[in-house]
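Shown next, in structure tokens, is the structure this report addresses.
The values are calculated or read from the model by the stated rules, or taken from the named source; none is laboratory data. Just so we're clear, the structure is a prediction, and the values are computed from it rather than from any experiment. Glycine also receives a Cβ, built like all others from the backbone with ideal geometry; neighbour counts cover every protein chain displayed.
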Amino acid sequence: MDRRNFVRAAAAGVGAAAAATVAAPATAAHAGPQARLLDGAPHVRRSQAARPIVISDITGYEARNGGPMNAVEMAYSRMVAGDDVLDALIAGVNIPELDPEETGVGFGGLPNGAGVVQLDACCMHGPTRRAGGVAALEGVRTPSRVAHAVMQHTDHHLLVGRGAQDFARQLGFTIDEDLNTPESRRLWLEWKRRLDSARWLDPDRRAQAALDAGLGMVRDGLIREHSFWGTISCNGINAAGDIAGVTTTSGLAWKIPGRVGDSPILGAGLYVDNDVGAAGSTGRGEANLYNLTSYLIVENMRRGMSPKDAAMEGLRRIRANTVERRLLNERGEPNFNIRFFALNREGDVAGCSMYATGESQYAVCTENGSEVRPLEPLLSGEV
């Protein structure tokens with residue numbers, strides 16, 4: 001998208017997104033200044049602190065939910081129009097969360113092994129050093145907003161399961177009985193069909209059989225890789241140098257009910273330090289959880305590394321700590337992909353991955369509009 005079209009879309013998109021958002025409570029968790037537009041375009045508040053920028057995985061570029069703007073464009077336009085940086089990012093990720101065709105996030109996300117959609121999210125607000133998260137949340141299409149409410153209204157960082165749903169209900173969030181769409185339900189039934197009963201006779205093969213069936217659907221083109229693993233991670237910095245981030249997901253497709261990956265865990269799926277930068281992740285959550293890699297990346301940047309070097313060092317840590325035979329390919333390297341999206345206080349960004357296969361691009365939005373850039377891999381070859 002060129003600058004002229006982006007500015008035009010920004011003016012139309014802020015209003016369209018507001019109309020498309022599902023009913024949410026009129027509380028401080030959802031209140032925020034409306035985007036202010038001058039002559040049809042966002043007004044950038046100039047500062048010496050940083051060049052405003054938003055970075056995300058590819059979902060932030062692709063999902064539009066029928067509207068004129070994608071997630072990174074919405075986040076950027078709201079941010080430079082004066083919204084709080086975290087409010088802007090959450091408005092951005094609400095687009096894929098509400099998009100029934102985006103099967104890795106929010107409404108219509110691929111369900112767990114029992115056919116139930118369970119959602120995870122967390123957010124971090126650099127200026128106030130506050131954060132919130134939810135895990136295994138059922139019935140709420142926008143878990144990022146519930147995570148934000150946890151941050152704003154409680155002394156806790158993480159609410160899970162039924163407790164998280166009760167908290168959302170108390171604040172007036174709409175609770176749906178089922179977040180499946182006909183497509184997510186159809187794909188779950190196909191996964192169940194592929195789990196031939198004979199494969200379940202060996203207890204040692206049970207978990208691997210479930211994973212193999214899901215990965216087979218990716219290879220057959222029924223599910224895109226980023227939908228199988230789920231997740232959008234979106235970070236941004238505004239002209240004042242304030243940094244925030246949000247990560248939201250339906251988690252690993254067909255997961256064991258109650259499984260929680262890295263996405264809602266501070267330091268794993270997301271980490272923000274307003275004095276340094278931010279990092280977020282998509283891909284195999286268990287590998288990230290073991291290493292708390294987003295925290296490691298931010299600490300690497302604190303020591304002076306660039307976002308790219310910091311993310312590559314995080315990937316090397318995961319590679320070194322992957323020692324189980326079942327997690328290694330025939331070359332002795334990790335048999336999974338994982339990606340990190342990092343930015344520093346100067347507005348420099350990087351997207352890095354274990355391999356340059358499958359999902360191979362990430363999204364960035366600046367004053368010139370949104371674009372995709374190639375992920376830089378640590379390892380060559382296929383997973």
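Points worth noting:
- Identity of the residue in the range 291-349, of a type in the set (Ser, Thr, Tyr) and touching a residue at least 40 places away in the same chain (Cβ under 8 Å), that ends up farthest from Val276 (Cα to Cα): Thr293
- Among (1) under 30 Å from Val80 (Cβ atoms); (2) modelled with pLDDT of 90 or more, the one test that Asp178 misses: (1)
- Any hit, the range 74-82, residues being at pLDDT 95 or above, surrounded by fewer than 23 Cβ atoms within 10 Å (Cβ to Cβ), within 15 Å of Ala240 (Cβ to Cβ) and touching an Asp or Glu at 6+ places or on another chain (Cβ under 6 Å): no
- A search for C-beta distances below 7 Å between a residue of the range 43-59 that is under 18 Å from Glu102 (Cβ atoms) and any residue that is at pLDDT 95 or above and of a type in the set (Lys, Arg), counting only pairs 6+ apart in sequence or on different chains, returns Asp57/Arg339.
- Qualifying positions in the range 153-165 - surrounded by fewer than 19 Cβ atoms within 10 Å (Cβ to Cβ) and not hydroxyl-bearing (Ser, Thr, Tyr): His153, Asp155, His156, His157, Val160, Gly161, Arg162, Gly163
- Only residues that are polar (S, T, N, Q) and buried (at least 24 other Cβ atoms within 10 Å of the Cβ) were counted across the range 267-278, and they come to 0.
- Of the residues making up the range 29-38, none is at pLDDT 50 or above, polar (S, T, N, Q) and part of a loop (DSSP other than H, G, I, E, B).
- Lone qualifier among Pro377, Pro307 - being more than 23 Å from Val93 (Cα to Cα) and not aliphatic (A, V, I, L, M): Pro377
- Note on the range 354-366: residues that are over 25 Å from Ala50 (Cβ atoms) and either in contact with a helix residue (DSSP H, G or I) (Cβ under 8 Å, 6 or more places away or on another chain) or not hydrophobic (A, V, I, L, M, F, W, C) (or both) amount to 6.
- Residue count for the range 327-365 satisfying the condition of being over 25 Å from Leu215 (Cα atoms), in contact with a Lys or Arg (Cβ under 7 Å, 6 or more places away or on another chain) and β-branched (Val, Ile, Thr): 1.
- Hey, Arg326 modelled with pLDDT under 95 and either surrounded by fewer than 16 Cβ atoms within 10 Å (Cβ to Cβ) or touching a Cys at 6+ places or on another chain (Cβ under 7 Å) (or both) or not: yes
- Of the residues making up the range 280-294, just one is β-branched (Val, Ile, Thr) and in a helix (DSSP H, G or I), namely Thr293.
- Residue in the range 116-145 that is surrounded by the fewest Cβ atoms within 10 Å (Cβ to Cβ), counting only those that are in contact with a Pro (Cβ under 9 Å, 6 or more places away or on another chain) and β-branched (Val, Ile, Thr): Val116
- The range 350-383, residues that are of a type in the set (A, V, I, L, M) and either farther than 21 Å from Ala278 by Cβ or in contact (Cβ under 8 Å) with a residue 60 or more places away in the chain (or both): Met354, Ala356, Ala363, Val364, Val372, Leu378, Leu379, Val383
- Flag if Ala310 is small (Gly, Ala, Ser), surrounded by 15 or more Cβ atoms within 10 Å (Cβ to Cβ), modelled with pLDDT of 95 or more and over 19 Å from the mean Cα position of the chain (by Cα): yes
- Output for the range 279-294, where each listed residue is hydroxyl-bearing (Ser, Thr, Tyr) and either buried (at least 19 other Cβ atoms within 10 Å of the Cβ) or on the phi > 0 side of the Ramachandran plot (or both): Ser281, Thr282, Thr293, Ser294
- Subset of the range 114-156 (residues that are among the basic types (Lys, Arg) and touching a His at 6+ places or on another chain (Cβ under 7 Å)): Arg145
- Sub-7 Å Cβ pairs linking a first residue in the range 220-247 that is within 15 Å of Gly92 (Cα to Cα) and in a loop (DSSP other than H, G, I, E, B) to a second residue that is among the acidic types (Asp, Glu) and modelled with pLDDT under 95, at least 6 apart or interchain, number zero.
- Subset of the range 334-348 that is outside any strand (DSSP E or B) and not small (Gly, Ala, Ser) - its residue that is surrounded by the fewest Cβ atoms within 10 Å (Cβ to Cβ): Glu346
- Taken together, Gly351, Gly358 contain a single residue that is crowded, with 16+ Cβ neighbours inside 10 Å and part of a loop (DSSP other than H, G, I, E, B), which is Gly358.
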